[in-house]
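Worksheet for the structure shown next.
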């Protein structure tokens, strides 16, 4: 009897475990569906109308999206970058104005969908891509939350990046020091003074009492507010930490509070 009962008991435990997992997965999927329905109801009041939860979290291909366009030379340093057409037209106007003042703006990163961001995040997570401070995150931070927080100093979790939206661009250099002297200093000073005239704002400003959370300051990151402000509002209303899934370390999103502290942890002037 003992030999018979043990397998039966183990099968029962396994069945219960599978049932719990399927139940949790089903609940999460149901919550995603509900969030999409709620967003769809609000989207009717927002133009353009090609926004939904998948758009917000980067689950689409910018190359195939009707609202996106390729960014050609001389505006970018690569041929494979895309951004929203409206944001691109605004950038071209800003680029021309900057040139008149002897300033050259160059886009070095634009739209990145979920899969692209996942590649960046997981490379840092598993240590195949070294952090900007020279550390291997997988070795230096064995505790998942600590590793995620370190990567989050400069890189967003997949599904939670403003680069998904096609409104945000990185300009000229990814080095803070570069913007503190020489040409970098001149470029940053020009952007601070003039970018707002073209609808652009620096979302990741200096962290202080007004912006205590989120990514470290990024002098190179600028966002096209006429569209990104609407998406920020949608993120505030419909994005949930538990919906951020599908990559290594995703389980830390809820513990950290990624939506509130990172997606929404931006310069108040950009909201």
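Read-outs: derived from the displayed coordinates by stated rules, not from any lab. Since we're looking at a predicted model, the values are computed, not measured. FYI the Cβ positions are ideal-geometry reconstructions off the backbone, even for glycines, and counts take in every protein chain you see.
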Sequence of 104, 116, 232 once ranked by neighbouring C-beta atoms within 10 Å, starting from the fewest: 104, 116, 232
Difference of contour (0.36 nm per residue) and Cα-Cα distance, residue 236 to residue 254: 5.0 nm
Cut-off 16 Å (backbone N to label point 7 Å along Cα→Cβ of residue 77), residues of segment 101-127: 104-111
Relative contact order [Cα under 8 Å, 6+ residues apart], segment 112-155, whole percent: 30
Gaussian network model of the chain, Cα within-10 Å springs - most flexible of 92, 219, 118: 92
Listed peptides 68-79, 256-267 by packing density, highest first (mean Cβ within 10 Å): 256-267, 68-79
Residue-span extension gain [residue 50 to residue 213] - 0.36 nm each, minus C-alpha spacing: 55.7 nm
Relative contact order (percent, whole number), the chain, Cα cutoff 8 Å, 6+ residue spacing: 18
Estimated FRET transfer efficiency when R0 is 41 angstrom, pair residue 138-residue 197 (beta carbons, to 0.05): 0.40
Residues of segment 140-167 with amide N under 20 Å of the 7 Å Cα→Cβ point at residue 123: 140-141, 147-166
Segment residue 229-residue 149, length gained on full extension (0.36 nm per residue, minus Cα span): 26.3 nm
Distance in nm between pseudo-label sites at residue 175 and residue 92 (7 Å out along the Cβ direction from Cα): 3.2
Hydrodynamic radius of the chain per Kirkwood, over alpha carbon pairs, in Å: 20.2
131, 231, 149, 180 arranged by Cβ crowding within 10 Å, fewest neighbours leading: 180, 149, 131, 231
